[in-house]
Amino acid sequence: MRSVAVLGAGIQGTCVALALRAAGWRVSLIDQAPAVMRRASLRNEGKIHLGFTYAKDSSLSTGRLMLRSALSFAPLIDRWIPDGLDWERIRARPFTYLLMRDSALEPEALYSYYERLELEYRALREPWQHYLDTRPDSLWSKAPLPPEVSRAAVAAAVETAEMPLDLVELRRQLARAVGESAVSCQFGRRVEAVRRRAHGFSVAGVEGGGESWRLAADAVVNCLWEGRLKIDAEMGMAPQQPWTYRLKYRVLGRLPRALADLPSLTLVLGSYGDIVPLSGGSYISWYPECRRGWSNDLEVPQSWHRACAGEVDPTEAREVSSRVYEALEPITPGIAATSTVAVDAGIVVAWGDTDIDHPDSGFHQRSAVGVAADDGYFSIDTGKLSCGPLFAAELAARI
Ligand SMILES: Cc1cc2nc3c(=O)[nH]c(=O)nc-3n(C[C@H](O)[C@H](O)[C@H](O)COP(=O)(O)OP(=O)(O)OC[C@H]3O[C@@H](n4cnc5c(N)ncnc54)[C@H](O)[C@@H]3O)c2cc1C
């Protein structure tokens with residue numbers, strides 16, 4: 001049986017491990033964390049994108065990739081796990097998009113983009129596909145503003161079929177599936193180097209206690225997200241375009257009773273934020289306050305890692321959450337009464353080096369992502385949580 005070392009156990013590495021195990025590989029899944037999905041794949045708003053956010057990519061290539069990813073997200077995961085996942089438990093409330101009065105695109109331009117997405121959806125979907133165990137007839141419709149939202153700030157609202165996932169529940173179900181599979185989990189191990197050998201590869205690193213470890217495999221799949229580019233560069237696959245790492249905080253809080261019926265909200269189009277009501281703590285973000293780190297180096301600053309492991313100093317947590325509530329108060333009055341449950345951060349990795357409010361920002365385009373390969377060494381730029389299963393299936397077909 002051929003062996004593969006999968007580096008990184010976020011959504012990408014977990015899906016690759018399950019897909020390759022199902023295809024008969026002997027799989028080692030390696031991560032510095034003590035379990036699957038402890039970093040970016042846990043600390044985000046969990047939106048399984050249908051493409052609405054990418055209206056600035058008029059080529060529709062990002063929208064099309066998001067649709068393909070979203071429609072295969074659940075069917076692919078269910079193919080690799082004997083009983084599949086309980087999607088009804090994992091899904092959260094559908095998104096309403098709030099078209100802000102100072103949006104970078106006028107409502108008519110957004111409607112016409114959404115209509116193009118709708119046509120693409122009808123053309124793309126195949127009988128085996130579904131969207132998180134639902135089959136929406138249409139993706140969006142104009143809607144009245146939710147009563148909780150201020151008319152002064154918001155020009156119009158659009159109800160969509162797009163949904164976020166409860167990532168704690170997704171992690172729980174995926175962790176169980178990995179535990180019940182024959183994947184060999186090697187957690188608490190930091191990857192430091194990959195080397196080519198006469199036959200296959202050796203992967204080496206250190207454990208939590210400082211002891212070194214080494215493992216041989218016929219193939220390697222690098223799914224290390226913010227740790228990916230460094231190893232790729234050492235393997236002769238240095239990035240050919242500028243990239244940016246952004247450290248992005250999120251607030252989890254219990255919304256006040258007046259906002260109990262809020263749908264999931266995404267504010268467009270510009271550097272705004274999102275609110276996702278969840279029973280364990282709603283996701284609340286406001287981009288200008290939550291984007292608190294920026295790096296164009298090959299490796300992210302060491303100081304970012306604590307927040308990405310869920311450890312934020314209480315003073316900083318209070319500062320971030322009160323600023324986020326303050327920024328959102330004019331849009332969703334009453335949100336300042338939210339009681340904060342936790343504050344943590346994730347890293348966004350993207351091609352481009354200008355921020356989202358720049359007219360030519362590369363961050364509005366996410367289609368130049370996916371699987372790269374060089375003679376038994378593979379590297380996956382996940383791009384978005386939404387794309388993890390699709391890219392794992394593409395990898396399994398190529399390896
Ligand atoms: C705030 C925020 C909001 C977002 N919102 C969305 C959204 O709504 N929808 C969406 O589709 N996407 C969203 N994203 C993007 C999404 O989170 C990522 O694209 C996705 O989670 C990346 O998955 P991954 O498995 O590649 O990375 P990760 O989940 O970060 O997994 C990489 C793993 O590699 C491990 N690792 C890294 N370096 C090493 C090393 N040297 N040794 C050992 N282990 C290592 C880490 O511990 C980690 O477990 C968001 C991101 C952020 C930060």
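Results, tabulated for the structure shown:
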quantity: Residue in region 49-57 that is surrounded by fewer than 22 Cβ atoms within 10 Å (Cβ to Cβ) and either more than 16 Å from the ligand (Cβ to nearest atom) or among the hydrophobic types (A, V, I, L, M, F, W, C) (or both) present; calculated: yes
quantity: Filtered residue count, region 13-40, keeping only those that are closer than 22 Å to Glu207 by Cα, under 19 Å from the mean Cα position of the chain (by Cα) and crowded, with 24+ Cβ neighbours inside 10 Å; calculated: 7
quantity: Residue match in region 228-240 (condition: of a type outside the set (Lys, Arg), closer than 21 Å to Tyr283 by Cβ and not in a strand (DSSP E or B)); calculated: no
quantity: Cross-chain or 6+ apart pairs with Cβ under 9 Å, region 77-90 first and modelled with pLDDT under 95, then among the aliphatic types (A, V, I, L, M); calculated: Pro82/Ala177; Asp83/Ala177
quantity: Selected residue (only one of Ala123, Ala143 is small (Gly, Ala, Ser), over 22 Å from the mean Cα position of the chain (by Cα) and surrounded by 12 or more Cβ atoms within 10 Å (Cβ to Cβ)); calculated: Ala143
quantity: Residue among Asp78, Asp102, Asp137, Asp83 that alone is in a loop (DSSP other than H, G, I, E, B), of a type in the set (Asp, Glu) and within 25 Å of Arg172 (Cα to Cα); calculated: Asp83
quantity: Sole residue being modelled with pLDDT of 95 or more and buried (at least 19 other Cβ atoms within 10 Å of the Cβ), chosen from Ser295, Ser321; calculated: Ser321
quantity: Selection from region 181-212 of residues that are assigned to a strand (DSSP E or B), more than 21 Å from Gln302 (Cβ to Cβ) and more than 11 Å from the ligand (Cβ to nearest atom); calculated: Ser184, Cys185, Arg195, Arg196, Phe201, Ser202
quantity: Scope region 250-308; condition within 13 Å of the ligand (Cβ to nearest atom), touching a residue at least 60 places away in the same chain (Cβ under 8 Å), part of a strand (DSSP E or B) and among the small types (Gly, Ala, Ser); matching residues; calculated: Ser264, Ser285
quantity: Odd one out for Asp31 among (1) under 16 Å from Val178 (Cβ atoms); (2) without any contact (Cβ under 8 Å) to a residue 24 or more places away in the chain; (3) acidic (Asp, Glu); calculated: (2)
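The values are calculated or read from the model by the stated rules, or taken from the named source; none is laboratory data. Just so it is clear, the structure is predicted and the values come from calculations on it, not from any experiment. No Cβ is skipped: glycine too gets one built from the backbone with ideal geometry, and neighbour counts run over all protein chains shown.
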